[in-house]
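Colleague: Got a structure for you, written out below as structure tokens; questions coming shortly.
The values are calculated or read from the model by the stated rules, or taken from the named source; none is laboratory data. Since the structure is predicted, the reported quantities are computational estimates derived from the model, not experimental observations. Cβ: placed from backbone, ideal geometry, glycine included. Neighbour counts: every protein chain shown.
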Amino acid sequence: MASSDALLPISAREEEPLCPYTRLPMADPNQETHGRRRRPFKGLLAVSFGLLFIAFYVALIATHDGSRSNDAGIHETKTTTSRARLAGVSEKSNAGLWKLSGDRNTPAFEWNNSMLSWQRTAFHFQPEQNWMNDPNGPLFYKGWYHFFYQYNPNAAVWGDIVWGHAVSRDLIHWVHLPIAMVADQWYDSNGVWTGSATILPDGSIVMLYTGSTDKAVQVQNLAYPEDPSDPLLLKWVKFPGNPVLVPPPGILPKDFRDPTTAWKTSEGKWRITIGSKLNRTGISLVYDTTDFKTYEKLDTLLHRVPNTGMWECVDFYPVSKTAVNGLDTSVKGPDVKHIVKASMDDTRFDHYAVGTYFDSNGTWIPDDPTIDVGMSTSLRYDYGKFYASKTFYDQNKGRRVLWSWIGESDSEAADVQKGWSSVQGIPRTVVLDTKTGNNLVQWPVEEINSLRLSSKQFDIKVSPGSVVPVDVGSAAQLDIEAEFEINKESLDKILGNASVVAVAEEFSCEKSGGSTVRGALGPFGFSVLATESLSEQTPVYFYVAKGKDSELKTIFCTDTSRSSVANDVVKPIYGSVVPVLKGEKLTMRILVDHSIVEAFGQGGRTCITSRVYPTSAIYGAAKLFLFNNALDATVTASFRVWQMNSAFIHPYSEEAFRALTRT
Amino acid sequence: MVKMMMMAMMVGVAMGNIVDKTCKQTPDYTLCLSLLRSDPRSSSADTVGLALILVDKIKALGAETLGQINEAYKTKPMLKKPLDECSLRYKTIVDVDVHTAIIAVKGNPKFAEGAVVDAGVEASICDGGFTKGQSPLTSLTQRMEKICDVTRAIIRMLL
């Protein structure tokens, strides 16, 4: 089946690319291949892409030695057209871009309520309805984890922003509480925006948050619990002297937001940092205070990186170089590195870097300036849909926990129809990778394991080019932990043969055509939320290839390009290189929860969160597959799949409260 | 008196230059100029103001298209299904995307960018619902997509 697909007439592939069309902000308008309307110039373009495509395919066939007879793989040639189209598109310009997918002949997809209601997650935090964005002020207090969030009480789109509130005993089972703060003052009438909590040594809480004033100026405000003896912290009081900070000279009124948790300086003062920009240079301002009411601005910046644009949701915290526990935000010392993280307004990516903090002047420098915060090369917590993230130190369990806003990748018409938009990622612990020393490692909080119901263990040898159905029953709420091993012979063949070209550096999840493009040693992994016929599927996989240093490089991707036949959803291929150390097996964990898939490679060294909107791989029709699309290598997969229970997140009620206090 | 006239002229030229400079950074300079210059507010607007003028154009075009959709129900009743989809999509543009863009452009422009991009997508999806050659809305949806592209480019200058 596969081999003949390879020889489909070019025109068929041209007309029906499954990969998205890109809309570039500054692109030559003639270049935009926007679905149905093609101007004559585009005919020429199509022909040249077609030639490129032929050339690529000839190369692919030429490098293959013909032993593809047992090829029952997921073999789709249509997606390779996208390689040519996407060539030359930079990572940055793709951020947040709508890529209209689907071919000109399928009618606009009409969502029905059954499909839309399936999309709601079972165990990810989300309000009952309407719009949510940034996580705010997460903290642990008097036995309860608190979570606040940017919320629109009136619509499923951004606007009228207030602070939503929920509590939990275990970061998984949440109870919705009344809105904590509304836009009722002149200094936050245009929005009660993002902020962070600081827990003082005496256990009391101060909350700093950005208000958008009645004149749309961004200012920082102080708030605190009205009744500190109320463990649910239902009511909040805004400091009458607000705002406590206004944009300083040289900073524009719309470039001053998202104050961090404060940390103690060696002088005994509290210090915070706030992201901003100077022209196109992203910066983080530093302020000291003793009472959170009056501040002195330091002359120095915490850090600055040119050409990164506005820094939103800056986060700054210590990580241990040696231990796996988290550290209170005020910790310093020789066994500690500091992380600076910022959300890039321009690209909607969260970036971080590991470095050294100098308390004497409130500055920080990265260990590796070539991957400084915000550069396209710099590290990201997550290579998928993941923004405005924020950590807090959980003093209850001695860990640092990361929250993140996971927005939708569908149309606003669908959001309005289904009545909600956005979820939060599963909270993750964050630690420095003590084995590599230069990146963070994240992992879903252990409490999520309490949702695991029945499980099945599998040990399967997957030959090249095959797809294996994994019978687990219902497949929309799963936790999968897997280990993979490529057969030694194939590895030796690639590494031992000097004439095998190093291709790893050229490979990128986004641009290399997705999970159907076959290499010697990959791709292989799971296809989640797949129909029986694989008409819709979301592969999560490793791609192993030889690198320039003649060592193997491993890339971890999630390919959403065929996750849905709907043409009004964004379907990128996400991912990145994942460090694999000598002696390590390849491991991945996948959390499937309806319209969200969270994938963790090598214990959380590389993480990918995706939003998917299948139209038929839903309810009982959603299946799980294991696949190996490598040309030569046999892969042995050892894995366990758990059915996941719902977290039953619901509004406050006497029973809900009692149930939670019993745990 | 002459001095005042000259100053006014210089200011006028400078203002006109802002429109020119801004439009040069969009994917469709000519369209951008014609849209902005057709609105007298553009001569004294900053980037936020220019973005809002274009969002107004999106709203107006959206309303015009909804009118055309209503007409088409009568003249081409066999196209009811795709027209229904278009009606939903264009209502989203006019009621939801435009509103979000207006409030966000002044405070948190990335949400305005998302709304404007979505407007272009909704227009595209609407037109895509008709089989080739059947759509009575193609030139309107194409125009919407172009205006959204230009508007998006201007909003990105605010990030």
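Colleague: Among the residues that make up the stretch B:63-75, is at least one of them closer than 23 Å to B:CYS23 by Cα and either in a helix (DSSP H, G or I) or more than 10 Å from every other protein chain (Cβ to nearest Cβ) (or both)?
Modeller: Narrowing the stretch B:63-75 to residues closer than 23 Å to B:CYS23 by Cα: none.
So far as the stretch B:63-75 goes, no, none of its residues is closer than 23 Å to B:CYS23 by Cα and either in a helix (DSSP H, G or I) or more than 10 Å from every other protein chain (Cβ to nearest Cβ) (or both).
Colleague: Hand me the list of strands (runs of 3 or more DSSP E) wholly inside the stretch A:464-533 holding 1 or more residues that are over 23 Å from the mean Cα position of the chain (by Cα) and of a type in the set (D, E, K, R).
Modeller: Numbers: elements: A:466-470, A:477-486, A:521-530.
Correct list: A:477-486.
Colleague: Something else: Would you tally the residues in the stretch A:422-451 being loosely packed, with under 14 Cβ neighbours inside 10 Å and within 21 Å of A:SER638 (Cβ to Cβ)?
Modeller: Selection size over the stretch A:422-451: 1.
Colleague: Suppose we keep only residues that are surrounded by 18 or more Cβ atoms within 10 Å (Cβ to Cβ) and outside any helix (DSSP H, G or I) within the stretch A:367-379. Which one would you say is nearest to the chain's Cα centre (by Cα)?
Modeller: Filtering first and then ranking leaves A:LEU379.
Colleague: If you go through the stretch B:127-136, how many residues are touching an Asp or Glu at 6+ places or on another chain (Cβ under 9 Å) and more than 7 Å from every other protein chain (Cβ to nearest Cβ)?
Modeller: 2
Colleague: With respect to B:GLY107, determine if the residue is over 13 Å from the mean Cα position of the chain (by Cα), facing chain A (nearest Cβ under 7 Å), modelled with pLDDT under 95 and more than 18 Å from B:GLU64 (Cβ to Cβ). So that I can check it myself, show each step before the final result.
Modeller: Working: over 13 Å from the mean Cα position of the chain (by Cα): yes; facing chain A (nearest Cβ under 7 Å): yes; modelled with pLDDT under 95: yes; more than 18 Å from B:GLU64 (Cβ to Cβ): yes.
So B:GLY107 fits the description; yes.
Colleague: So how many residues does the stretch A:212-250 have that are within 31 Å of the chain's Cα centre (by Cα), within 11 Å of chain B (Cβ to nearest Cβ), on the phi < 0 side of the Ramachandran plot and surrounded by fewer than 20 Cβ atoms within 10 Å (Cβ to Cβ)?
Modeller: Of the residues in that region, 1 qualify.
Colleague: Now, a different point. Name the strands (runs of 3 or more DSSP E) wholly inside the stretch A:251-366 in which the number of residues that are surrounded by fewer than 20 Cβ atoms within 10 Å (Cβ to Cβ), modelled with pLDDT of 95 or more and among the β-branched types (Val, Ile, Thr) is 2 or more. Can you show your working first?
Modeller: Details: elements: A:270-278, A:281-289, A:295-297, A:303-305, A:311-320, A:336-344, A:349-358, A:363-366.
Result: A:281-289, A:363-366.
Colleague: Test each condition in (1) in contact with a Lys or Arg (Cβ under 9 Å, 6 or more places away or on another chain); (2) crowded, with 24+ Cβ neighbours inside 10 Å; (3) closer than 25 Å to A:GLU408 by Cα for A:VAL592 and report the one that comes out false.
Modeller: A:VAL592 satisfies every listed condition except (1).
Colleague: Please find, among B:VAL105, B:VAL98, the residue that is out of contact with any Gly (no Cβ under 6 Å at 6 or more places or on another chain) and surrounded by fewer than 24 Cβ atoms within 10 Å (Cβ to Cβ).
Modeller: Details: B:VAL105 fails: surrounded by fewer than 24 Cβ atoms within 10 Å (Cβ to Cβ).
Result: B:VAL98 is the single residue among B:VAL105, B:VAL98 that is out of contact with any Gly (no Cβ under 6 Å at 6 or more places or on another chain) and surrounded by fewer than 24 Cβ atoms within 10 Å (Cβ to Cβ).
Colleague: For the condition hydrophobic (A, V, I, L, M, F, W, C) and closer than 12 Å to A:GLN477 by Cα, what is the one hit in A:ALA599, A:ALA647, A:ALA637, A:ALA633? Show your work before the answer.
Modeller: Details: A:ALA599 fails: closer than 12 Å to A:GLN477 by Cα; A:ALA637 fails: closer than 12 Å to A:GLN477 by Cα; A:ALA633 fails: closer than 12 Å to A:GLN477 by Cα.
Step by step, each of A:ALA599, A:ALA647, A:ALA637, A:ALA633 is checked, and only A:ALA647 is hydrophobic (A, V, I, L, M, F, W, C) and closer than 12 Å to A:GLN477 by Cα.
Colleague: Going by the structure shown, is B:VAL121 facing another protein chain (nearest Cβ under 7 Å) and either within 11 Å of the chain's Cα centre (by Cα) or without any contact (Cβ under 8 Å) to a residue 24 or more places away in the chain (or both)? Quick ask: steps written out before the conclusion?
Modeller: Values: facing another protein chain (nearest Cβ under 7 Å): yes; either within 11 Å of the chain's Cα centre (by Cα) or without any contact (Cβ under 8 Å) to a residue 24 or more places away in the chain (or both): yes.
Judged against the criteria, B:VAL121 is a match.
Colleague: Looking at (1) more than 7 Å from chain A (Cβ to nearest Cβ); (2) without any contact (Cβ under 8 Å) to a residue 40 or more places away in the chain, can you tell me which one B:VAL150 breaks?
Modeller: Against the list (1) more than 7 Å from chain A (Cβ to nearest Cβ); (2) without any contact (Cβ under 8 Å) to a residue 40 or more places away in the chain, B:VAL150 comes up short only on (2).
Colleague: Could you grab me the full set of residues in the stretch A:517-546 that are over 22 Å from A:THR636 (Cβ atoms) and at pLDDT below 95?
Modeller: A:VAL517
Colleague: Kindly indicate whether B:SER87 is over 23 Å from A:ASN190 (Cβ atoms), among the hydroxyl-bearing types (Ser, Thr, Tyr), assigned to a helix (DSSP H, G or I) and more than 12 Å from every other protein chain (Cβ to nearest Cβ). Outline the logic, then answer.
Modeller: Details: over 23 Å from A:ASN190 (Cβ atoms): yes; among the hydroxyl-bearing types (Ser, Thr, Tyr): yes; assigned to a helix (DSSP H, G or I): yes; more than 12 Å from every other protein chain (Cβ to nearest Cβ): no.
Taking the combined requirement at face value, the residue does not satisfy it.
Colleague: Okay, moving on. Taking A:GLY159, is it at pLDDT 95 or above, on the phi > 0 side of the Ramachandran plot and within 25 Å of the chain's Cα centre (by Cα)? Reasoning before the result, please.
Modeller: Working: at pLDDT 95 or above: yes; on the phi > 0 side of the Ramachandran plot: yes; within 25 Å of the chain's Cα centre (by Cα): yes.
So A:GLY159 fits the description; yes.
Colleague: A follow-up question, please. Condition test on A:TYR141, is it within 14 Å of chain B (Cβ to nearest Cβ) and among the aromatic types (Phe, Trp, Tyr)? Show your work before the answer.
Modeller: Details: within 14 Å of chain B (Cβ to nearest Cβ): no; among the aromatic types (Phe, Trp, Tyr): yes.
In short, no.
Colleague: For the list (1) assigned to a helix (DSSP H, G or I); (2) facing chain A (nearest Cβ under 10 Å), I need the number of the one condition that B:VAL98 fails.
Modeller: Among (1) assigned to a helix (DSSP H, G or I); (2) facing chain A (nearest Cβ under 10 Å), the lone unmet condition for B:VAL98 is (2).
Colleague: For A:GLY601, work out the one condition from (1) surrounded by fewer than 21 Cβ atoms within 10 Å (Cβ to Cβ); (2) under 26 Å from A:GLY519 (Cα atoms); (3) not acidic (Asp, Glu) it doesn't fulfil.
Modeller: Among (1) surrounded by fewer than 21 Cβ atoms within 10 Å (Cβ to Cβ); (2) under 26 Å from A:GLY519 (Cα atoms); (3) not acidic (Asp, Glu), A:GLY601 violates only (1).
Colleague: Next question. Counting only residues that are within 13 Å of chain B (Cβ to nearest Cβ) and among the charged types (D, E, K, R), which one in the stretch A:368-426 is nearest to A:ILE199 (Cα to Cα)?
Modeller: A:LYS385
Colleague: Working only within the stretch A:401-421, note down all residues that are surrounded by 24 or more Cβ atoms within 10 Å (Cβ to Cβ) and on the phi > 0 side of the Ramachandran plot.
Modeller: none
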